[in-house]
Amino acid sequence: MEQAPGSPQDPQNQGPHGARELPTCYRHPDRETGIRCVRCERPICPECMVDAAVGFQCPQCVRGGSGTGHSPAASRPRTLAGGTVTADPRLLTKLLIGINLAVFLVQLSVGDRFTERFVLLGHAYVPQLGSIEGIAQGQWYRLLTAMFLHGSYIHILFNMLSLWWVGAPLEAALGRARYLALYFSAGLAGSAFTYLIAAPNQPSLGASGAIFGLFGATAVLMRRLNYDMRPVIALLAINLIITFGLSGIAWQAHIGGLVGGVVVGYAMVHAPRERRNLVQYGTCALVLAAVVVMTLLRTAQLT
């Protein structure tokens, strides 16, 4: 008699000594799960679970509106944080990497004059521009533009690899809008903290602040899903050792971004369902308000 794959009698679902093993998610074969879609009965992991009136459904059943009584548009599958599941869940990470690479090519083509105009700088005379420049001079755009500048091939290579390794899975878990809000909130927090406590003539550049924010949010997410925390803690510890162990690194951007990422990440994955948008985007607004306050305080000191 034939046996259906994954059935209780399927020998492939049994481990040593006949002990049954958990099935794996049909969308993520590397993740074991004990949850099944209440409609098609396929195994689904926490990232793929979509709340239904009874139990959970898989994204494909929800997208098709199978038996829900609602149109597919009203039953779009959602990520753990409430974002919409998309065909390419890593699109924004690819675009961010592309923008960083494009700006780096412009830096190489135009030279130091371009970099000096957009690097994070508090208040200093810049010989290439022949004038006093900096955020204290009203150039607040430097808080943002510095996030897309890099100082060397090694610098951008390391940052872009980190952005892909950490950012791509996080984008898939949060959804595009929330991921983008997290990225820029953390990056601006890192820039503002650098401006607040670093020397006014110390230039700073790089995507590291935003990437450390992604590290922090990833740790929060893994804790929320009860995953093994040791890999992300080890990776974060190595990066912090590098941050404080090597000279020429703006540790202020790393710490500011990390704190911003943890705060926003916690709001993203722990917000109550009935007030999810308010809590998530309200927290982002609070982080941005802190950015404004730090910037105003430092500007008042320097002018």
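Read-outs: derived from the displayed coordinates by stated rules, not from any lab. These numbers come from a predicted model, not from an experiment. We place every Cβ from the backbone using ideal geometry, glycine too, and count neighbours over all the protein chains shown.
Observations on the model:
- Ratio Rg/Rh, restricted to the chain and using Cα atoms, in which Rh is the Kirkwood radius: 1.08
- Stretchable slack from N277 to A237, in nm (0.36 nm times residue separation minus alpha-carbon distance): 11.2 nm
- Computed FRET value (nearest 0.05) for S131 with R223, which takes r as the C-beta separation and R₀ as 45 Å: 0.40
- Degrees, to the nearest 10: 91-110 long Cα axis against longest axis of the chain: 20
- Along the stretch 248-253 the Karplus relation, 6.51 cos²θ - 1.76 cosθ + 1.60 evaluated at θ = phi - 60°, assigns HN-Hα couplings of x, 10, 7, 5, 4, 5 Hz to successive residues, with x for each Gly and Pro.
- Other residues within the sphere of radius under 12 Å centred on the Cβ of L163, judged by their own Cβ, net out at +1 (K and R +1, D and E -1).
- Net charge of the neighbourhood of R178, taken over other residues with C-beta under 13 Å away and scored Lys/Arg +1, Asp/Glu -1, is +2.
- Max mean-square fluctuation residue, GNM over the chain, Cα-Cα springs under 10 Å, options Q128, Q280, Q137: Q128
- Segment V292-D112, length gained on full extension (0.36 nm per residue, minus Cα span): 62.0 nm
- Put in order of Cβ neighbour count within 10 Å, fewest first, the listed residues Y179, Y141 become Y141, Y179.
- The simple spin-label model puts a point 7 Å past each Cα toward its Cβ; for T303 and T24 those points are separated by 5.8 nm.
- The magnitude of the dipole of the stretch 91-302, with charges of +1 and -1 set on the Cβ of Lys/Arg and Asp/Glu and taken from the Cα centre, is near 520 debye.
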